1. Has segment B:93-112 got any residue that is charged (D, E, K, R), surrounded by fewer than 19 Cβ atoms within 10 Å (Cβ to Cβ) and under 12 Å from the mean Cα position of the chain (by Cα)?
2. So, in segment B:76-102, how many residues would count as being on the phi < 0 side of the Ramachandran plot and away from chain A (no Cβ under 14 Å)?
3. Filter segment B:9-33 down to residues that are within 22 Å of B:Q81 (Cβ to Cβ) and either in a strand (DSSP E or B) or away from chain A (no Cβ under 14 Å) (or both), then give me how many there are.
4. Can you find a residue that is at the interface with chain A (Cβ under 8 Å from one of its Cβ atoms) and either surrounded by fewer than 16 Cβ atoms within 10 Å (Cβ to Cβ) or touching a strand residue (DSSP E or B) at 6+ places or on another chain (Cβ under 7 Å) (or both) anywhere in segment B:48-70?
5. When you scan segment A:61-70, do you find a residue that is touching a residue at least 12 places away in the same chain (Cβ under 8 Å), of a type in the set (K, R) and in contact with a Ser or Thr (Cβ under 7 Å, 6 or more places away or on another chain), even just one?
6. With the requirement that a residue be under 20 Å from B:D17 (Cβ atoms) and outside any strand (DSSP E or B), what does segment B:40-65 give you?
7. Basic (K, R), touching a Gly at 6+ places or on another chain (Cβ under 8 Å) and at pLDDT 95 or above: which single residue out of A:R81, A:R64 fits that description?
8. Those residues that are touching a Leu at 6+ places or on another chain (Cβ under 8 Å) and more than 8 Å from chain B (Cβ to nearest Cβ), I need them from segment A:83-102; list them, please.
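The values are calculated or read from the model by the stated rules, or taken from the named source; none is laboratory data. Remember, it's a predicted structure, so these values are computed and weren't measured experimentally. A quick note on method: Cβ atoms are made from the backbone with ideal geometry, for glycine too, and the neighbour counts reach across all protein chains shown.
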Amino acid sequence: GAGVSQSPRYKVAKRGQDVALRCDPISGHVSLFWYQQALGQGPEFLTYFQNEAQLDKSGLPSDRFFAERPEGSVSTLKIQRTQQEDSAVYLCASSTPDIYGYTFGSGTRLTVV
Amino acid sequence: GENVEQHPSTLSVQEGDSAVIKCTYSDSASNYFPWYKQELGKRPQLIIDIRSNVGEKKDQRIAVTLNKTAKHFSLHITETQPEDSAVYFCAAGPGGGYNKLIFGAGTRLAVHP
């Protein structure tokens, strides 16, 4: 595709509910990154993939957070038993080794009530 | 791991003045330093970047300088315009499209007509 696509754009979840956030990277981009951006803060690294391999998941805040990219293209970030502190914008970005810099998606704004 | 600090957190200037935003980083392995602009409710967009083999890079009204010895880099915007109003983020990382970036907390720039 022409850009990084994320869905849904907005998600309201009741506390304790599970959610799944989708990222469709730019076609051919082998690297995919997930970031969490709280209101008024910079993006915080969560995890990244090179193709289907998850190379770094050191930023995932707890074992309630899980990410996958089974075929090396679309990725899903799953949050189980959501809590209010999970409320944030979740940004996905993609890149490829022969270029520098990311292309970000528009993000998914998650609100846990 | 890498830690990036960004100052100031807010910056207010008159149209036509210059604006300078400064960042410091901790990991000497970092060699790629991009700057992103984020308008309200939108995705971060790459505006300029610099690699550690150069000390300065300029693109029209924006420039970035890098001091690897002191581990700091700066964004300079000259002849500011109201449309420059946004949040600016610096980032640092080991470079390439397959490595994670660590972001600063952001600077909210307001340009007043």
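1. Residues of segment B:93-112 charged (D, E, K, R): B:100, B:108.
Checking the rest, the ones that are also surrounded by fewer than 19 Cβ atoms within 10 Å (Cβ to Cβ) come to B:108.
Imposing the further condition that a residue be under 12 Å from the mean Cα position of the chain (by Cα) reduces the set to B:108.
There is at least one residue in segment B:93-112 that is charged (D, E, K, R), surrounded by fewer than 19 Cβ atoms within 10 Å (Cβ to Cβ) and under 12 Å from the mean Cα position of the chain (by Cα).
2. Residues that pass the stated criteria total 9.
3. Quick first cut of segment B:9-33, residues within 22 Å of B:Q81 (Cβ to Cβ) only: B:9-22.
Next, from what is left, pick out any that are either in a strand (DSSP E or B) or away from chain A (no Cβ under 14 Å) (or both): B:10-22.
Adding up the residues that qualify gives 13.
4. We begin by selecting, within segment B:48-70, every residue at the interface with chain A (Cβ under 8 Å from one of its Cβ atoms); these are B:49, B:51.
Narrowing further to those that are either surrounded by fewer than 16 Cβ atoms within 10 Å (Cβ to Cβ) or touching a strand residue (DSSP E or B) at 6+ places or on another chain (Cβ under 7 Å) (or both): B:49, B:51.
Yes: segment B:48-70 contains one or more residues that are at the interface with chain A (Cβ under 8 Å from one of its Cβ atoms) and either surrounded by fewer than 16 Cβ atoms within 10 Å (Cβ to Cβ) or touching a strand residue (DSSP E or B) at 6+ places or on another chain (Cβ under 7 Å) (or both).
5. Yes, segment A:61-70 contains at least one residue that is touching a residue at least 12 places away in the same chain (Cβ under 8 Å), of a type in the set (K, R) and in contact with a Ser or Thr (Cβ under 7 Å, 6 or more places away or on another chain).
6. Taking segment B:40-65 as the starting set, the residues that turn out to be under 20 Å from B:D17 (Cβ atoms) are B:47-48, B:58-65.
Within segment B:40-65, B:Q60, B:R61 qualify.
7. A:R81
8. A:D86, A:S87, A:A88, A:V89, A:Y90, A:C92, A:A93, A:S94
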